[in-house]
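Written out below as structure tokens is the structure these notes cover.
The values are calculated or read from the model by the stated rules, or taken from the named source; none is laboratory data. None of these values were measured; they are calculated from a predicted model. Cβ placement follows ideal geometry from the backbone for every residue including glycine, while neighbour counts extend to all protein chains displayed.
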Amino acid sequence: MEVHFIYSIHEVDRQQWNRLCADDYPFNHYEFLAALEDSGCTANDSGWQVAHVVVYEGQELVAAMPGYIKYHSYGEYVFDWAWADAYQRFGFNYYPKWINAIPFTPCTGPRLLTRVQQESTVLITAICTALETACEVKGYSSWHCLFPTEDQSNLLLPAQTLQRLGCQFHWFNHGYHHFDDFLARMTSRKRKNITKERNQVRGQGISFIVKEGVDVTLDDMDLFYALYRNTYLKRSGHSGYLSQDFFRQLTKTFSKFIVLVCAVTEQQSVIAAALFFRDQYTLYGRYWGCFEEYQFLHFETCYYQGIEYAIAHQLQRFDGGAQGEHKIARGFEPVLTYSNHAIKSSQFRAAIENFLEQEKSHIQSYIEDANQLLPFKND
């Protein structure tokens, strides 16, 4: 068994990499990671230097971990800025660090890709040993695994990683056949609020077009990028983490996972859009943009249209993205997320471990409180 780093996804055979993707979770696929890299979204200049871990037996790729050398913490969604500040205050460098993550994508999924029979203690130990060596040789302060499944997070605990909990809000399909079935589970007041929001969007003369797969054209994606870029410029003064080339490459190589929802006026002008990805069981709400602001348009485009799509296609779950307490009133339920952190410095490790224990209690209480605020009727 040979473990080493590669500094471009193109150093690996595409079919061998995708063979490790045991399910159709989109974001581990070669084509998605290649689109990020080839478009320059993950490059030295962006602070996301490609450094995937690969494991070979002879000529066969038997395991991989998508990975990056990071020089900042932007685009990760597991916030460790306070840790970096503490390092700096004591005269130490927190960056560079190495992370096992999908860039700009806070969606739980497999982070260790393996042939099913190869996910073993021996394999985990070999990979973690290689990561520890890299921290020593390359001067990384730490290595991190972001948004793994609970099972994979637990597999990393014997490697002396610290487990961190987080909270997101996901929608679950409890056997619905229509959107009205979903509303019927809600209290009267909450049901009326959602109906009012949706009617207000329709009352502004807005309707929706859903395109997916090969029906999404390059022109569609160019228009979406213009919407995405415009929204980022208005909110943050920059054009976003992702480039037009990234979205165009996805259209060419990744179309089977794409769902595009466009909001159009009575004159058939597209004024807003949300880009989703999907697999066999889950819809992932990822990016949004608009040219003009309309009341409740964001909720309708990004959430209610996603719920309708999930019900129509009998998907089990809708992952609407990170954060967002406003999702609770719209039927999104709190779920735990996980991350793992291997801190090289024993001094900082002890402080971070203490912080995570306190944070864990807070997260668990927060989820209990959030469950009390869900809009559903008591059974």
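Numbers below:
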read-out	value
Test: residue in the stretch 291-309 that is assigned to a strand (DSSP E or B), surrounded by 21 or more Cβ atoms within 10 Å (Cβ to Cβ), modelled with pLDDT of 95 or more and outside the structural domain of Thr105 (by TED's automatic domain parsing)	no
Residue in the stretch 124-136 that is of a type in the set (Gly, Ala, Ser), within 23 Å of the chain's Cα centre (by Cα) and over 24 Å from Ala370 (Cβ atoms) present	no
Those residues of the stretch 159-185 which are buried (at least 18 other Cβ atoms within 10 Å of the Cβ), in contact with a strand residue (DSSP E or B) (Cβ under 9 Å, 6 or more places away or on another chain) and of a type in the set (Phe, Trp, Tyr), in sequence order	Phe169, Trp171, Phe182
Residues of the stretch 204-224 satisfying the condition of being part of a helix (DSSP H, G or I) and surrounded by 11 or more Cβ atoms within 10 Å (Cβ to Cβ)	Gly213, Asp215, Leu218, Asp220, Met221, Asp222, Leu223, Phe224
Qualifying residue in the stretch 200-211 (condition: more than 24 Å from Pro103 (Cβ to Cβ) and in contact with a Cys (Cβ under 6 Å, 6 or more places away or on another chain))	yes
Hits in the stretch 325-379 (condition: in a loop (DSSP other than H, G, I, E, B), surrounded by 13 or more Cβ atoms within 10 Å (Cβ to Cβ) and aliphatic (A, V, I, L, M))	Leu374
Residue match in the stretch 129-139 (condition: assigned to a loop (DSSP other than H, G, I, E, B), in the same structural domain as Asp85 (by TED's automatic domain parsing) and at pLDDT 95 or above)	yes
Conditions (1) among the polar types (S, T, N, Q); (2) surrounded by fewer than 15 Cβ atoms within 10 Å (Cβ to Cβ); (3) in contact (Cβ under 8 Å) with a residue 12 or more places away in the chain; number of the one not met by Ser188	(3)
